[in-house]
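Asks: Got a structure for you, questions after.
The values are calculated or read from the model by the stated rules, or taken from the named source; none is laboratory data. Since the structure is predicted, the reported quantities are computational estimates derived from the model, not experimental observations. Reconstructed Cβ throughout: ideal geometry from the backbone, glycine too, with neighbour counts over all protein chains shown. Heavy atoms of the whole protein, side chains included, go into the accessibility calculation; ligands, DNA and RNA do not. Shrake-Rupley method; radii C 1.70, N 1.55, O 1.52, S 1.80 Å.
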Amino acid sequence: MTTKQTQQMHACVIGDPIAHSLSPLLHGAWIKAANINAKYARRHATKKEFNQAVKDCFSDPRFVGMNVTLPHKEAAKKIADCIDDTVKQAGAANLLTRKNGQLYARNTDIEGFSAPLLKARTVQHWKNTNIVILGAGGAARAALIGALSLKPGRIQIINRTQARAQVLAEGFGDKVEALDWSKREEALADASLLVNASSAGMTGKPPLDLSLQHISGDALVYDLIYTPQMTPLLCDAKAKGCAILGGLDMLIAQAKPSFEAFFGVPPPQHTDVKGLLLQALGEVS
Ligand code: NAP
(Lines give C-alpha, C1' and ligand atoms only; values in the text may rest on other atoms or scores of the structure.)
Protein backbone atom coordinates (compact mmCIF):
# COMPACT_ATOMS: atom_id res chain seq x y z
CA MET A 1 0.00 0.00 0.00
CA THR A 2 1.33 3.48 -0.89
CA THR A 3 1.60 6.34 1.60
CA LYS A 4 -1.21 8.14 -0.21
CA GLN A 5 -3.59 5.23 0.29
CA THR A 6 -2.96 5.08 4.04
CA GLN A 7 -3.55 8.81 4.42
CA GLN A 8 -7.04 9.94 5.19
CA MET A 9 -8.63 11.59 2.13
CA HIS A 10 -10.47 14.87 2.63
CA ALA A 11 -13.33 16.33 0.60
CA CYS A 12 -15.98 18.94 1.30
CA VAL A 13 -18.98 20.88 0.09
CA ILE A 14 -18.53 24.63 -0.08
CA GLY A 15 -21.26 27.28 -0.20
CA ASP A 16 -23.02 30.16 1.51
CA PRO A 17 -25.23 29.23 3.31
CA ILE A 18 -23.99 25.70 3.90
CA ALA A 19 -25.37 24.56 7.27
CA HIS A 20 -28.44 23.01 5.60
CA SER A 21 -26.43 20.93 3.09
CA LEU A 22 -27.27 17.23 3.02
CA SER A 23 -24.06 16.35 1.16
CA PRO A 24 -22.00 15.53 4.30
CA LEU A 25 -24.69 13.08 5.45
CA LEU A 26 -24.89 11.51 1.99
CA HIS A 27 -21.14 11.18 1.37
CA GLY A 28 -20.55 10.23 5.01
CA ALA A 29 -22.94 7.28 4.67
CA TRP A 30 -21.22 6.10 1.49
CA ILE A 31 -17.74 6.54 3.03
CA LYS A 32 -18.80 4.38 5.97
CA ALA A 33 -20.44 1.72 3.77
CA ALA A 34 -17.43 1.60 1.43
CA ASN A 35 -15.06 1.43 4.41
CA ILE A 36 -12.85 4.19 3.03
CA ASN A 37 -10.42 6.19 5.16
CA ALA A 38 -11.96 9.56 4.29
CA LYS A 39 -13.68 12.60 5.72
CA TYR A 40 -16.29 14.78 3.99
CA ALA A 41 -16.86 18.18 5.61
CA ARG A 42 -18.96 21.28 5.21
CA ARG A 43 -17.13 24.54 4.46
CA HIS A 44 -18.66 27.99 4.60
CA ALA A 45 -17.23 30.67 2.29
CA THR A 46 -18.68 33.98 1.16
CA LYS A 47 -18.24 35.08 -2.46
CA LYS A 48 -15.23 37.16 -1.37
CA GLU A 49 -13.65 34.19 0.44
CA PHE A 50 -14.28 31.55 -2.23
CA ASN A 51 -11.05 31.68 -4.27
CA GLN A 52 -8.83 31.68 -1.19
CA ALA A 53 -10.85 28.86 0.38
CA VAL A 54 -10.36 26.74 -2.76
CA LYS A 55 -6.62 27.42 -2.71
CA ASP A 56 -6.40 26.59 1.01
CA CYS A 57 -8.27 23.30 0.59
CA PHE A 58 -6.22 22.11 -2.41
CA SER A 59 -2.92 23.09 -0.79
CA ASP A 60 -3.44 20.11 1.54
CA PRO A 61 -2.16 16.96 -0.23
CA ARG A 62 -4.87 14.93 1.53
CA PHE A 63 -7.57 17.03 -0.12
CA VAL A 64 -9.18 15.20 -3.08
CA GLY A 65 -11.94 17.57 -4.11
CA MET A 66 -15.01 19.63 -3.36
CA ASN A 67 -18.64 19.95 -4.29
CA VAL A 68 -19.58 23.53 -5.00
CA THR A 69 -23.01 24.89 -4.26
CA LEU A 70 -24.71 28.30 -4.35
CA PRO A 71 -23.55 31.00 -4.90
CA HIS A 72 -20.18 29.74 -6.16
CA LYS A 73 -20.96 27.55 -9.18
CA GLU A 74 -19.91 30.19 -11.73
CA ALA A 75 -16.83 31.15 -9.71
CA ALA A 76 -15.87 27.45 -9.66
CA LYS A 77 -15.88 27.44 -13.45
CA LYS A 78 -13.66 30.54 -13.52
CA ILE A 79 -11.09 29.33 -11.00
CA ALA A 80 -10.54 25.95 -12.70
CA ASP A 81 -7.48 25.27 -14.91
CA CYS A 82 -9.53 22.96 -17.10
CA ILE A 83 -13.25 22.38 -17.54
CA ASP A 84 -15.17 19.61 -19.27
CA ASP A 85 -18.07 19.87 -21.74
CA THR A 86 -20.70 19.72 -18.99
CA VAL A 87 -19.29 22.97 -17.54
CA LYS A 88 -19.15 24.58 -20.97
CA GLN A 89 -22.81 23.69 -21.54
CA ALA A 90 -24.06 24.66 -18.09
CA GLY A 91 -21.84 27.71 -17.69
CA ALA A 92 -21.21 26.60 -14.12
CA ALA A 93 -19.44 23.85 -12.16
CA ASN A 94 -20.42 21.93 -9.04
CA LEU A 95 -17.37 19.69 -8.72
CA LEU A 96 -13.68 20.58 -8.39
CA THR A 97 -11.00 17.89 -8.28
CA ARG A 98 -7.33 17.53 -9.21
CA LYS A 99 -6.36 16.17 -12.61
CA ASN A 100 -2.67 15.92 -13.57
CA GLY A 101 -1.85 18.52 -10.91
CA GLN A 102 -4.45 20.94 -12.23
CA LEU A 103 -7.79 22.10 -10.88
CA TYR A 104 -10.46 20.31 -12.89
CA ALA A 105 -14.14 21.40 -12.99
CA ARG A 106 -17.19 19.33 -13.88
CA ASN A 107 -20.94 19.74 -13.65
CA THR A 108 -22.72 16.65 -12.34
CA ASP A 109 -26.13 18.38 -11.98
CA ILE A 110 -26.89 17.52 -15.61
CA GLU A 111 -26.25 13.81 -15.07
CA GLY A 112 -27.99 14.11 -11.69
CA PHE A 113 -31.08 15.42 -13.44
CA SER A 114 -31.25 12.84 -16.23
CA ALA A 115 -30.11 9.65 -14.45
CA PRO A 116 -33.37 9.24 -12.42
CA LEU A 117 -35.41 9.78 -15.61
CA LEU A 118 -33.46 7.04 -17.37
CA LYS A 119 -33.95 4.78 -14.39
CA ALA A 120 -37.70 5.43 -14.41
CA ARG A 121 -38.21 5.04 -18.18
CA THR A 122 -36.03 3.86 -21.08
CA VAL A 123 -34.13 6.27 -23.30
CA GLN A 124 -36.40 5.15 -26.13
CA HIS A 125 -39.46 6.19 -24.14
CA TRP A 126 -38.33 9.83 -23.99
CA LYS A 127 -37.51 10.09 -27.69
CA ASN A 128 -39.72 12.67 -29.49
CA THR A 129 -41.79 13.41 -26.38
CA ASN A 130 -42.78 16.88 -25.16
CA ILE A 131 -41.10 18.21 -22.05
CA VAL A 132 -42.19 21.22 -20.01
CA ILE A 133 -39.67 22.89 -17.69
CA LEU A 134 -40.82 25.54 -15.19
CA GLY A 135 -38.11 28.01 -14.12
CA ALA A 136 -35.14 29.68 -15.77
CA GLY A 137 -32.37 29.66 -13.15
CA GLY A 138 -29.35 27.37 -12.73
CA ALA A 139 -31.45 24.28 -12.01
CA ALA A 140 -33.58 24.90 -15.12
CA ARG A 141 -30.41 25.20 -17.24
CA ALA A 142 -29.08 21.87 -15.95
CA ALA A 143 -32.55 20.34 -16.53
CA LEU A 144 -32.68 21.73 -20.08
CA ILE A 145 -29.29 20.29 -21.02
CA GLY A 146 -30.13 16.98 -19.35
CA ALA A 147 -33.54 16.90 -21.06
CA LEU A 148 -31.96 17.56 -24.48
CA SER A 149 -29.84 14.43 -24.04
CA LEU A 150 -33.12 12.42 -23.97
CA LYS A 151 -33.76 13.52 -27.60
CA PRO A 152 -37.28 14.83 -27.03
CA GLY A 153 -39.40 16.30 -29.81
CA ARG A 154 -39.93 19.61 -27.99
CA ILE A 155 -38.94 21.36 -24.79
CA GLN A 156 -40.99 24.28 -23.50
CA ILE A 157 -39.39 26.56 -20.94
CA ILE A 158 -41.94 28.47 -18.92
CA ASN A 159 -40.84 30.98 -16.33
CA ARG A 160 -42.65 33.58 -14.24
CA THR A 161 -40.37 36.19 -15.85
CA GLN A 162 -40.63 35.26 -19.52
CA ALA A 163 -37.56 37.25 -20.59
CA ARG A 164 -35.36 34.89 -18.53
CA ALA A 165 -36.98 31.87 -20.21
CA GLN A 166 -36.18 33.40 -23.59
CA VAL A 167 -32.55 33.97 -22.67
CA LEU A 168 -32.29 30.38 -21.46
CA ALA A 169 -33.89 28.95 -24.62
CA GLU A 170 -31.60 30.94 -26.95
CA GLY A 171 -28.96 28.96 -28.79
CA PHE A 172 -30.56 25.55 -28.27
CA GLY A 173 -32.34 25.43 -31.64
CA ASP A 174 -35.96 25.06 -32.76
CA LYS A 175 -36.75 22.24 -30.37
CA VAL A 176 -36.57 24.59 -27.41
CA GLU A 177 -39.10 27.38 -27.01
CA ALA A 178 -39.95 29.87 -24.28
CA LEU A 179 -43.62 30.30 -23.44
CA ASP A 180 -45.48 32.90 -21.46
CA TRP A 181 -46.24 31.96 -17.83
CA SER A 182 -49.99 32.19 -18.62
CA LYS A 183 -49.59 29.18 -20.98
CA ARG A 184 -48.22 26.83 -18.29
CA GLU A 185 -51.39 24.81 -17.74
CA GLU A 186 -52.40 24.29 -21.38
CA ALA A 187 -48.79 23.29 -22.21
CA LEU A 188 -49.23 20.27 -19.96
CA ALA A 189 -51.90 18.68 -22.21
CA ASP A 190 -49.36 16.88 -24.41
CA ALA A 191 -46.40 16.78 -22.00
CA SER A 192 -44.76 13.46 -21.15
CA LEU A 193 -42.59 15.14 -18.56
CA LEU A 194 -43.15 18.15 -16.33
CA VAL A 195 -40.12 19.47 -14.46
CA ASN A 196 -40.44 22.02 -11.70
CA ALA A 197 -37.05 23.73 -11.69
CA SER A 198 -38.45 26.85 -10.04
CA SER A 199 -38.11 27.40 -6.31
CA ALA A 200 -41.89 27.79 -5.90
CA GLY A 201 -43.18 25.16 -3.48
CA MET A 202 -39.96 24.99 -1.49
CA THR A 203 -40.26 25.25 2.31
CA GLY A 204 -40.44 28.95 3.20
CA LYS A 205 -41.26 30.04 -0.40
CA PRO A 206 -44.66 30.72 -2.01
CA PRO A 207 -46.45 27.65 -3.41
CA LEU A 208 -46.30 26.83 -7.11
CA ASP A 209 -49.41 28.27 -8.75
CA LEU A 210 -50.22 25.40 -11.12
CA SER A 211 -53.21 23.15 -11.73
CA LEU A 212 -52.54 19.70 -13.19
CA GLN A 213 -56.02 19.36 -14.68
CA HIS A 214 -54.69 19.04 -18.26
CA ILE A 215 -51.81 16.63 -17.63
CA SER A 216 -52.09 12.99 -18.66
CA GLY A 217 -51.86 10.27 -15.98
CA ASP A 218 -49.10 8.73 -18.16
CA ALA A 219 -46.83 11.73 -17.65
CA LEU A 220 -43.97 11.86 -15.17
CA VAL A 221 -43.75 14.85 -12.83
CA TYR A 222 -40.27 15.70 -11.54
CA ASP A 223 -39.91 18.33 -8.83
CA LEU A 224 -36.28 19.33 -8.25
CA ILE A 225 -37.12 20.74 -4.81
CA TYR A 226 -36.16 18.47 -1.91
CA THR A 227 -37.28 20.54 1.06
CA PRO A 228 -39.86 19.09 1.31
CA GLN A 229 -39.27 15.99 -0.80
CA MET A 230 -43.02 15.46 -1.18
CA THR A 231 -44.05 18.89 -2.50
CA PRO A 232 -47.72 19.85 -3.07
CA LEU A 233 -46.98 19.47 -6.82
CA LEU A 234 -45.86 15.86 -6.34
CA CYS A 235 -48.89 15.14 -4.10
CA ASP A 236 -51.21 16.45 -6.85
CA ALA A 237 -49.33 14.47 -9.52
CA LYS A 238 -49.55 11.28 -7.48
CA ALA A 239 -53.29 11.80 -6.97
CA LYS A 240 -53.60 12.16 -10.76
CA GLY A 241 -51.86 8.80 -11.25
CA CYS A 242 -48.64 10.29 -12.67
CA ALA A 243 -45.24 8.78 -11.93
CA ILE A 244 -43.18 11.11 -9.74
CA LEU A 245 -39.56 11.94 -8.98
CA GLY A 246 -38.36 14.34 -6.29
CA GLY A 247 -35.32 16.51 -5.67
CA LEU A 248 -33.59 13.88 -3.53
CA ASP A 249 -33.43 11.59 -6.57
CA MET A 250 -31.46 14.30 -8.37
CA LEU A 251 -29.37 15.18 -5.32
CA ILE A 252 -28.29 11.55 -4.89
CA ALA A 253 -27.67 11.06 -8.63
CA GLN A 254 -25.46 14.17 -8.88
CA ALA A 255 -23.48 13.07 -5.82
CA LYS A 256 -22.60 9.62 -7.24
CA PRO A 257 -20.08 10.80 -9.88
CA SER A 258 -18.63 13.22 -7.30
CA PHE A 259 -18.00 10.39 -4.84
CA GLU A 260 -16.28 8.33 -7.49
CA ALA A 261 -14.18 11.31 -8.58
CA PHE A 262 -13.06 11.93 -4.98
CA PHE A 263 -12.41 8.42 -3.76
CA GLY A 264 -11.86 6.35 -6.91
CA VAL A 265 -14.70 3.90 -6.25
CA PRO A 266 -18.44 4.13 -6.97
CA PRO A 267 -20.72 4.59 -3.94
CA PRO A 268 -21.94 1.24 -2.54
CA GLN A 269 -25.32 0.48 -4.05
CA HIS A 270 -26.85 -1.22 -1.01
CA THR A 271 -26.83 1.91 1.19
CA ASP A 272 -30.32 3.38 1.65
CA VAL A 273 -29.18 6.99 1.43
CA LYS A 274 -32.62 8.21 0.36
CA GLY A 275 -34.14 6.82 3.57
CA LEU A 276 -31.39 8.50 5.56
CA LEU A 277 -31.94 11.86 3.88
CA LEU A 278 -35.72 11.63 4.31
CA GLN A 279 -35.16 10.94 7.98
CA ALA A 280 -32.88 13.99 8.25
CA LEU A 281 -35.57 16.09 6.58
CA GLY A 282 -38.17 14.76 9.01
CA GLU A 283 -40.03 12.91 6.26
CA VAL A 284 -40.74 9.19 6.49
CA SER A 285 -39.29 6.96 3.75
P1 NAP B 1 -32.74 30.32 -8.99
O2 NAP B 1 -31.61 30.47 -9.95
O3 NAP B 1 -32.89 31.27 -7.85
O4 NAP B 1 -34.11 30.35 -9.86
C5 NAP B 1 -35.34 30.32 -9.22
C6 NAP B 1 -36.42 30.18 -10.29
O7 NAP B 1 -37.67 30.02 -9.61
C8 NAP B 1 -36.57 31.40 -11.20
O9 NAP B 1 -36.82 30.95 -12.50
C10 NAP B 1 -37.77 32.12 -10.60
O11 NAP B 1 -38.51 32.86 -11.52
C12 NAP B 1 -38.60 30.95 -10.14
N13 NAP B 1 -39.54 31.31 -9.08
C14 NAP B 1 -39.25 31.76 -7.85
N15 NAP B 1 -40.38 31.96 -7.15
C16 NAP B 1 -41.41 31.66 -7.97
C17 NAP B 1 -42.82 31.66 -7.83
N18 NAP B 1 -43.41 32.03 -6.69
N19 NAP B 1 -43.57 31.25 -8.87
C20 NAP B 1 -42.99 30.86 -10.02
N21 NAP B 1 -41.66 30.84 -10.22
C22 NAP B 1 -40.87 31.23 -9.21
O23 NAP B 1 -32.74 28.88 -8.33
P24 NAP B 1 -32.09 27.51 -8.87
O25 NAP B 1 -30.70 27.39 -8.39
O26 NAP B 1 -32.37 27.41 -10.32
O27 NAP B 1 -32.94 26.43 -8.04
C28 NAP B 1 -34.33 26.24 -8.28
C29 NAP B 1 -34.84 25.10 -7.41
O30 NAP B 1 -34.19 23.88 -7.77
C31 NAP B 1 -34.56 25.31 -5.91
O32 NAP B 1 -35.69 24.90 -5.20
C33 NAP B 1 -33.41 24.38 -5.61
O34 NAP B 1 -33.43 23.88 -4.30
C35 NAP B 1 -33.68 23.24 -6.60
N36 NAP B 1 -32.45 22.51 -6.94
C37 NAP B 1 -32.40 21.18 -6.65
C38 NAP B 1 -31.27 20.45 -6.95
C39 NAP B 1 -31.24 18.99 -6.62
O40 NAP B 1 -30.15 18.39 -6.63
N41 NAP B 1 -32.37 18.38 -6.36
C42 NAP B 1 -30.17 21.07 -7.57
C43 NAP B 1 -30.25 22.43 -7.87
C44 NAP B 1 -31.40 23.15 -7.54
P45 NAP B 1 -38.15 34.40 -11.87
O46 NAP B 1 -37.12 34.35 -12.94
O47 NAP B 1 -39.43 34.97 -12.32
O48 NAP B 1 -37.65 35.03 -10.59
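Asks: For segment 132-175, which positions are in a loop (DSSP other than H, G, I, E, B) and under 18 Å from residue 208 (Cα atoms)? Can you show your working first?
Replies: Kept after step one, since they are in a loop (DSSP other than H, G, I, E, B), are these residues of segment 132-175: 135-137, 149-153, 159-161, 170-175.
Result: 135, 136, 137, 159, 160, 161.
Asks: Turning to a different aspect of this structure: Please find, among 231, 271, 227, the residue that is of a type in the set (S, T, N, Q), over 30 Å from residue 183 (Cβ atoms) and surrounded by 15 or more Cβ atoms within 10 Å (Cβ to Cβ). Let's see the steps before the verdict.
Replies: Numbers: 231 fails: over 30 Å from residue 183 (Cβ atoms); 227 fails: over 30 Å from residue 183 (Cβ atoms).
None of the other options fit; the residue is 271.
Asks: Separate question: Identify all residues within segment 200-224 that are open to solvent by 60 Å² or more (accessible area, probe 1.4 Å) and either near the ligand (Cβ under 8 Å from one of its atoms) or closer than 22 Å to residue 119 by Cβ (or both); write none if there are none. Steps first, please.
Replies: We begin by selecting, within segment 200-224, every residue open to solvent by 60 Å² or more (accessible area, probe 1.4 Å); these are 202-207, 209, 213-214, 218.
Answer for segment 200-224, where residues must be open to solvent by 60 Å² or more (accessible area, probe 1.4 Å) and either near the ligand (Cβ under 8 Å from one of its atoms) or closer than 22 Å to residue 119 by Cβ (or both): 202, 205, 206, 207, 209, 218.
Asks: Can you confirm whether segment 49-57 contains a residue that is small (Gly, Ala, Ser) and in a strand (DSSP E or B)?
Replies: Of all residues in segment 49-57, those small (Gly, Ala, Ser) come to 53.
Filter once more, so that each one left must be in a strand (DSSP E or B): none.
No, every residue in segment 49-57 fails to be small (Gly, Ala, Ser) and in a strand (DSSP E or B).
Asks: Go through segment 137-182 and report how many residues are near the ligand (Cβ under 10 Å from one of its atoms) and free of Cβ contacts under 8 Å to residues at least 24 places away in the same chain.
Replies: 3
Asks: Still on this model: If only one of 95, 103, 118 is at pLDDT 95 or above and not assigned by TED's automatic domain parsing to the domain that holds residue 262, which one is it? Write out each step before concluding.
Replies: Numbers: 95 fails: not assigned by TED's automatic domain parsing to the domain that holds residue 262; 103 fails: not assigned by TED's automatic domain parsing to the domain that holds residue 262.
Unique residue meeting the criteria: 118.
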